[in-house]
Amino acid sequence: MPNRRFADGEVVMGRWPGSVLYYEVQVTSYDDVSHLYTVKYKDGTELALKESDIRSQSSFKHRKSQSSSSSPSRRSTSRSRSRSPGRPAKGRRRSSSQSREHKDDKKKTVQETNLALLVLLCLFFKPSENNTRSYNGEPDSTERNDTSSITLEQKLKPGLEIDRVLEQYSLRPRKEEKKKEEIYSEKKIFETLKTIEKTLSRTKELEFGGRIGTFMLIFFLPATVFYLLLMCKQDDPSLMNFPPPLPALESLWEPRVFGVFLLWFFLQALFYLLPIGKVVEGLPLSNGRKLQYRINGFYAFILTAEAIGTLLYFQFELHYLYDHFMQFAVSAAAFSMGLSIYLYVRSLKAPEEELAPGGNSGYCVYDFFTGHELNPRIGSFDLKYFCELRPGLIGWVVINLAMLLAEMKIHNQSMPSLSMILVNSFQLLYVVDALWNEEAILTTMDITHDGFGFMLAFGDLVWVPFVYSLQAFYLVGHPTAISWPVAAAITILNCIGYYIFRSANSQKNNFRRNPADPKLAYLKFIPTATGKGLLVTGWWGFVRHPNYLGDIIMALAWSLPCGFNHILPYFYVIYFICLLVHREARDEHHCKQKYGLAWERYCQRVPYRIFPYIY
């Protein structure tokens, strides 16, 4: 195996692919198999270069000084030879007017050739599709908030360099009558550069099966929700009883139910706009700007609890939610579809820097599903951030409470069943934890990477409240009795999952906020070329994604009170495992690109991804 010439972290001069121009880069890693160096340019672009395309700074500067010292004399000599007045003319001498016309035509030809050459060079020098984009998802490492601020000038640096060379050799027209043509040419060049910028910012890697997969998911996700709710209504919710009897279409829609849903949505919007709670800044966007967010989700939850308590005091029948549960799901789905259409239409006029890196493919269906605009706002009202925690997550708790009251009424009980109490308590703890640690959501993939489209709108407003409450909905029609020892065992299991989930996230967030904190001195980490560290002790030295492990354990504890008569209550566990495995695979891919050799060392140090000794 050949020896490496350049070490990690060394600053060298790297040749831009397809050109003769060299720029200052930093070596981040080296692949022993392909013998390629991964280097990082000053604008954040990462490329894989051969050793022949990299030179040390000292030798490069030496050669540059030699060429600069010798080239002026050669230029002056060639210039003097071409302009020597004493050279005899060959053939018949032209008239002065013919000579001027010939010179004008020659300058025009040079200008047009120069413009075409510049456009071709700009296209030829575009960055490789393999550039590593900053990933702001959930890599479960210690840092997720790196964002690249790459401007148009930086991406097309070689093209602008050619422009400066053209000015140096005075190839632009000098006469006053040529100024209009020059301005027109510059406009054409700018339009071409804008087209190139749009092409370079397109999403290259499509998820969820690309255009066909996302098109199918737009119909498959609502059908899945309705199927689960219809199955829970059956006396025997066995998978063998497929398909369930379908209700009449006119029974699925009720204007009054839709009005109640709108009232709930706008009530939460009102709570969001209240001037209570601190205001914090999010992560830097691609243009360097930081958006501000008001952290008052927990206050909104308290106000909602007071409002629900007031309704119950005046004997409002909250089990109305259970009686019209399917209509509420249809209303939420219709509202999320309308919201998604509005979001996509408004995103077509959004500036390029405000588009989501994962939803800018240029394909209508794919961008509609994943979200075209990153942070759609109406004034200071952030639509994505609001929907992420408020209507759906708080609505989940309200639905669970409605199911508890419905169980008591239907079965003539003075107290809810022990199974229903466990489900409500476990899921209430999960929601309160999310709202109490609301600020942590600003670094998640949903906020920093994914746009706000059908995927998140439907997930926040329909999937979370109506699928996550599936266990409580199931227990209303299929009561399950459990003993106190079994209940104690399930409670211990949920506590274990919650402890892993919360302590792992806190460990990571504290290390990200202040790695030099003396309280974290016991933590060991692997340094990376980005300047961040990958934790290899604590929970992050146990498995690569310990918070996912805690999530799965809690999901299992939520389903166990429903017994083992049917698999339907365990749908959430199966779905959650599939979702987290998908996220984990995506995290692995992006972390390998982002951290390079450091991530390979981390994987060797921590071989298990989610489940210790299994996966």
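Report yes if GLY451 is touching a residue at least 60 places away in the same chain (Cβ under 8 Å) and either acidic (Asp, Glu) or out of contact with any strand residue (DSSP E or B) (no Cβ under 8 Å at 6 or more places or on another chain) (or both), otherwise no. In short, no.
The residue list LEU252, LEU285, LEU273 contains one member that is surrounded by 15 or more Cβ atoms within 10 Å (Cβ to Cβ) and closer than 27 Å to MET445 by Cα, which is LEU285.
Restricting the range 16-40 to residues that are without any contact (Cβ under 8 Å) to a residue 40 or more places away in the chain and farther than 17 Å from LEU597 by Cβ, the residue that is least open to solvent (accessible area, probe 1.4 Å) is TYR22. Answer yes or no as to whether PHE220 is open to solvent by 60 Å² or more (accessible area, probe 1.4 Å), more than 20 Å from CYS387 (Cα to Cα) and part of a loop (DSSP other than H, G, I, E, B). For PHE220, the condition - open to solvent by 60 Å² or more (accessible area, probe 1.4 Å), more than 20 Å from CYS387 (Cα to Cα) and part of a loop (DSSP other than H, G, I, E, B) - is not met.
Which residues, counting only those in the range 397-424, are open to solvent by 40 Å² or more (accessible area, probe 1.4 Å), assigned to a helix (DSSP H, G or I) and in contact (Cβ under 8 Å) with a residue 40 or more places away in the chain? Once the filter is applied, which keeps residues that are open to solvent by 40 Å² or more (accessible area, probe 1.4 Å), assigned to a helix (DSSP H, G or I) and in contact (Cβ under 8 Å) with a residue 40 or more places away in the chain, the range 397-424 yields LEU401, LEU405, LYS409, ILE410. Restricting LEU523, LEU493, LEU549 to those that are touching a helix residue (DSSP H, G or I) at 6+ places or on another chain (Cβ under 9 Å) and under 30 Å from GLN26 (Cα atoms) reduces the list to LEU523. Restricting attention to the range 386-407, does a residue exist that is among the acidic types (Asp, Glu), touching an Asp or Glu at 6+ places or on another chain (Cβ under 8 Å) and under 30 Å from CYS232 (Cβ atoms)? Yes: one or more hits. Inspection of the range 494-513 finds no residue satisfying the criterion of being of a type in the set (A, V, I, L, M) and in contact (Cβ under 8 Å) with a residue 60 or more places away in the chain. Restricting the range 288-312 to residues that are in contact with a helix residue (DSSP H, G or I) (Cβ under 8 Å, 6 or more places away or on another chain) and of a type in the set (A, V, I, L, M), which is surrounded by the fewest Cβ atoms within 10 Å (Cβ to Cβ)? If we take residues in the range 288-312 being in contact with a helix residue (DSSP H, G or I) (Cβ under 8 Å, 6 or more places away or on another chain) and of a type in the set (A, V, I, L, M), then ALA307 is surrounded by the fewest Cβ atoms within 10 Å (Cβ to Cβ). Candidates are the residues of the range 557-615 that are farther than 12 Å from GLN471 by Cα and of a type in the set (S, T, N, Q); the one that is least open to solvent (accessible area, probe 1.4 Å) is GLN593.
Check whether at least one residue in the range 227-248 is over 24 Å from PHE571 (Cβ atoms) and open to solvent by 20 Å² or more (accessible area, probe 1.4 Å), and report yes or no. Checking the range 227-248: at least one residue is over 24 Å from PHE571 (Cβ atoms) and open to solvent by 20 Å² or more (accessible area, probe 1.4 Å).
Looking across the range 569-595, just one residue is modelled with pLDDT of 85 or more and in contact with a His (Cβ under 9 Å, 6 or more places away or on another chain), and that is PRO569. If you go through the range 327-381, how many residues are under 19 Å from PHE458 (Cβ atoms), open to solvent by 20 Å² or more (accessible area, probe 1.4 Å) and outside any loop (DSSP other than H, G, I, E, B)? Residues that pass the stated criteria total 15. Consider LYS290 against the criteria (1) assigned by the TED database to the domain that holds LEU339; (2) out of contact with any strand residue (DSSP E or B) (no Cβ under 9 Å at 6 or more places or on another chain): it satisfies all of them except one. Which criterion is unmet? With respect to (1) assigned by the TED database to the domain that holds LEU339; (2) out of contact with any strand residue (DSSP E or B) (no Cβ under 9 Å at 6 or more places or on another chain), LYS290 is out only on (2). Tell me, yes or no, whether the range 462-472 has at least one residue that is open to solvent by 40 Å² or more (accessible area, probe 1.4 Å), closer than 29 Å to PHE258 by Cα and in a helix (DSSP H, G or I). Scanning the range 462-472 turns up no residue that is open to solvent by 40 Å² or more (accessible area, probe 1.4 Å), closer than 29 Å to PHE258 by Cα and in a helix (DSSP H, G or I). Going by the conditions given, is THR444 in the same structural domain as LEU568 (by the TED database) and either open to solvent by 20 Å² or more (accessible area, probe 1.4 Å) or among the basic types (Lys, Arg) (or both)? Taking the combined requirement at face value, the residue does not satisfy it.
The values are calculated or read from the model by the stated rules, or taken from the named source; none is laboratory data. The structure displayed is predicted, hence computed values, not measured ones. Cβ: placed from backbone, ideal geometry, glycine included. Neighbour counts: every protein chain shown. For accessibility, only protein heavy atoms count, side chains too; no ligands or nucleic acids. Shrake-Rupley method; radii C 1.70, N 1.55, O 1.52, S 1.80 Å.
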